[in-house]
Amino acid sequence: MRYILYALGATWLFYLLFLVYAAVDAAREAGRTIPRLARALIYPAIAFGYVLDVAWNCTIGSALFLEPPFAGGSHPLKWTFTARLKRHRDGDGWRGRQARWWASLLNPFDPGHV
């Protein structure tokens, strides 16, 4: 039971940090200037979010998709959950359906993310 609570907590934190990333990405794409203090406060959270993304993908993501963590390749940007979703989103099987479901939770806040 404790591990389920850890997984739920990690999922919640992962999603929250994704929303921080999406807000910064939207501001950047809109051409807004992000003040230096805001960057100093937000960028460490985004960096931690990337580490959590890889850790989440290696554990929970691997269990959800029943495949090894680094199935997408050896480049560090291919180790994220987003990379896994992009690999499977156009598939016809259960992995494709699952990838599209996760994309439906991410894309409203960062259109085209997956």
(Q) Consider segment 50-84. How many of its residues are touching a Lys or Arg at 6+ places or on another chain (Cβ under 7 Å) and over 16 Å from residue 12 (Cα atoms)? (A) 2
Q: Please verify whether segment 18-34 includes one or more residues that are in contact (Cβ under 8 Å) with a residue 12 or more places away in the chain and touching a Leu at 6+ places or on another chain (Cβ under 6 Å).
A: no
(Q) Between 44, 108, which is free of Cβ contacts under 8 Å to residues at least 12 places away in the same chain, open to solvent by 30 Å² or more (accessible area, probe 1.4 Å) and not in a loop (DSSP other than H, G, I, E, B)? (A) 44
Q.
Restricting to segment 61-101, count the residues that are open to solvent by 40 Å² or more (accessible area, probe 1.4 Å), among the hydrophobic types (A, V, I, L, M, F, W, C) and in a helix (DSSP H, G or I).
A. 6
**Q.** Members of segment 21-41 found to be closer than 18 Å to residue 109 by Cα, in a helix (DSSP H, G or I) and not hydrophobic (A, V, I, L, M, F, W, C), listed by number
**A.** 21, 25, 28, 29
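The values are calculated or read from the model by the stated rules, or taken from the named source; none is laboratory data. Quick caveat, the model's predicted, so the values are computed rather than measured. Positions of Cβ are generated from backbone atoms using ideal geometry, with glycine treated the same way; all protein chains shown enter the neighbour counts. Surface accessibility is based on the protein's heavy atoms, side chains included, excluding ligands, DNA and RNA. Shrake-Rupley method; radii C 1.70, N 1.55, O 1.52, S 1.80 Å.
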